[in-house]
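Worksheet: the structure to be examined is printed underneath.
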Amino acid sequence: MKSGYYTNINGKEYKVILRDGNRKTFLLSDSAEVGFDKYDEGIYEKEISKADLTNFYFIEPRAKYEGYTFPVRTKIIKGNVCIGTDNAELAKKLNFERTDKYFYEKWISKEDVQIVEERKDLTIKSE
């Protein structure tokens, strides 16, 4: 499940990481590509100029469940996803568990929800 900043460069989608107070921009890849350095096991990174982010967007996953749309955690555990809400009445109606003073969550089978990606196109200021 995708979540965070992304860009498309030369027809390939990359996750984008902004570091050092957004002063440095990195592309992440799951394969060793020319110009990419190993960051971690199975993850490679390449620093780029912000000017190269001509197609820059943010993806936030949402889960449609019982006719409502909820934020969803990106981690799937044993085929289950966790959805949440701060709406106490809705939480009670759908048997969510209170996990914080004003927040409720429910773990449900991934088959019982429709995951959608909400995309917001962004512009980034070059330095």
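Readers should treat all values here as calculations from the given coordinates under stated rules, not as data from a laboratory. All figures in this text were calculated on a predicted structure; none of them were measured in a lab. As a convention, Cβ positions derive from the backbone with ideal geometry for all residues, glycine included, and neighbour counts pool all protein chains shown.
Taking 0.36 nm per residue of sequence separation and subtracting the Cα-Cα distance, how much length would be gained by fully extending the chain between Lys93 and Arg23, in nm to one decimal?
Numbers: separation 70, 0.36 × 70 = 25.20 nm, distance 4.53 nm.
The Lys93-Arg23 span can extend by a further 20.7 nm.
Helix-only estimate, please: 222 nm mean residue ellipticity of the chain, summing -39500 (n - 2.57) across DSSP H runs of length 4 or more and dividing by its residues, to the nearest 500.
Details: 1 runs with 6 residues, N = 127.
Taken over the chain, the calculation gives -1000 deg cm²/dmol.
Excluding Leu94 itself, calculate the net charge of residues whose Cβ lies under 12 Å from the Cβ of Leu94, where each Lys or Arg counts +1 and each Asp or Glu counts -1.
Working: positive: Lys92, Lys93, Lys106; negative: Glu66, Glu89, Glu97, Glu105, Asp112.
That sum, taken over residues with Cβ under 12 Å, equals -2.
Using amide H atoms built 1.01 Å from N in the peptide plane, name the residues 5+ places from Tyr39, or on other chains, whose amide H lies under 5 Å from its own.
Amide H to amide H, under 5 Å and 5 or more residues apart or across chains, Tyr39 pairs with Tyr44, Glu45.
I want the local charge near Glu47. Using Cβ-Cβ distances under 12 Å, sum +1 for each Lys or Arg and -1 for each Asp or Glu among the other residues. Could the numbers behind the result be given before it?
Values: positive: Arg19, Arg23, Lys24, Lys46, Lys50; negative: Asp20, Asp37, Glu45, Asp52.
My count for the surroundings of Glu47 gives +1.
Using a simple spin-label model with points 7 Å from Cα along the Cα→Cβ vector, what separation in nm is obtained for Glu13 and Asp112?
2.7 nm
What is the local net charge at Ser31, summed over the other residues whose Cβ is closer than 14 Å to its Cβ (Lys, Arg +1; Asp, Glu -1)?
-3
For Cα extents along the principal axes in Å, which listed value, (i) 62, 27, 21; (ii) 33, 33, 27; (iii) 51, 31, 26, comes from the coordinates shown?
Working out Cα extents along the principal axes in Å from the coordinates points to (iii).
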